[in-house]
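Notes to accompany the following structure.
Just so it is clear, none of the values below were taken in a lab; they were calculated from the coordinates. As the structure is a prediction and not an experimental result, all values here were calculated from the model. All Cβ positions, even for glycine, are placed from backbone atoms using ideal geometry, and neighbour counts span all protein chains on display.
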Amino acid sequence: MSEIIGLIGRGVAAPTISLDGLEHMDPDARHAARQVIERFVRAMAKTGAPEEHPFRGATALDLQPADLERLAGELSQAIGAIDALRDGAASCAAQVRQPTPDTLAEVAGLVTLLASLGGAPENAAGQIVQSMLERADDPRLIDALAAGRSWAEARQGADSAFAAPAWNANVGSARSGLVAGRDSFLKRIFGPYRKASADLAGLLTGPLPKKPRERLALIDQLLGGSGASPHPCRG
């Protein structure tokens, strides 16, 4: 009864058993069915939940002795590789003061972290990186890194559209001129729209778009879009 209560507490659905034909089973048939169920229960206790079994979904069930021998060797190599990966991941995690990964997904996350550290500027590879790791839980550092990542992704997506000097250009006034031209045809002729467009054209690697909203979209992309800034750590 306690086991049943535990299953209910874990949200395990009650088994559904068809009752059709049970009234026709004689004692021998019921005994045979009970033995089959008992063998199934023992197998489940030994192998665990089917969805967690490493061979779930395997369809090659008629392997010959030679196949089984080769399989044993391949499995042994796989286990050795997994052990080596686990040991290496644990050592790397300790170096960067991170929890030891227990799953392949966590190992992949650790690899991403190490790749990011490997791309750090040369003069930041020592003391600065170490200082950041020691403050990994600081909310201000987390916010600054998130802002920096957003800006880096925005810049990476826009690098092919803009010349290198564009990232240091002050385009605030150009944006104001483009906004004015977008909202008024006359301001495209007499206002600062034409100068703003010329300034933008000098920052592009390709031709200047014809539509005002497309030009404004390029300015917003240059600024990082959605409130991002080329200087994510500034206030």
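Here are the numbers for this structure:
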quantity	calculated
Additional length obtainable on full extension of the chain from Ile4 to Phe55, 0.36 nm per residue less Cα span	15.6 nm
Where trypsin sites (Lys or Arg not before Pro) in DSSP loops with at most 15 other Cβ within 10 Å are excluded, longest remaining stretch of the chain	136-209
Over 19 Å [Cα-Cα, the stretch 3-110], rounded percent	72 percent
Within the chain, helix-based [θ] at 222 nm, where runs of 4 or more DSSP H residues each add -39,500 (n - 2.57), nearest 500	-19500 deg cm²/dmol
Residue-wise HN-Hα coupling along the stretch 139-146, computed from phi with Karplus coefficients 6.51, -1.76, 1.60 (Hz; x: Gly, Pro)	x, 5, 5, 4, 5, 5, 5, 5
C-alpha long axis of helix 172-183 to longest principal axis of the chain, angle in °	90 degrees
Hydrodynamic radius by Kirkwood, which averages 1/r over all alpha carbon pairs of the chain, in angstrom	25.6 Å
Local electrostatic count, Ser184, Cβ distance below 14 Å [Lys/Arg +1, Asp/Glu -1]	+4
Residue order, fewest to most surrounding Cβ atoms within 10 angstrom, among Asp20, Asp83	Asp20, Asp83
Reach of Lys195 by Cα under 21 Å, taken over lysines that are not fewer than 8 positions away in the same chain	Lys187, Lys210, Lys211
Long-range HN-HN contacts of Phe162 with modeled amide H, under 5 Å	Thr205
Helix 212-223 vs. the chain, principal-axis angle (Cα, 0 to 90°, nearest 10)	70 degrees
Cα Rg over Rh - the stretch 147-223, Kirkwood	0.99
The stretch 1-33 and the stretch 88-103: distance between their alpha carbon centers, rounded to Å	46 Å
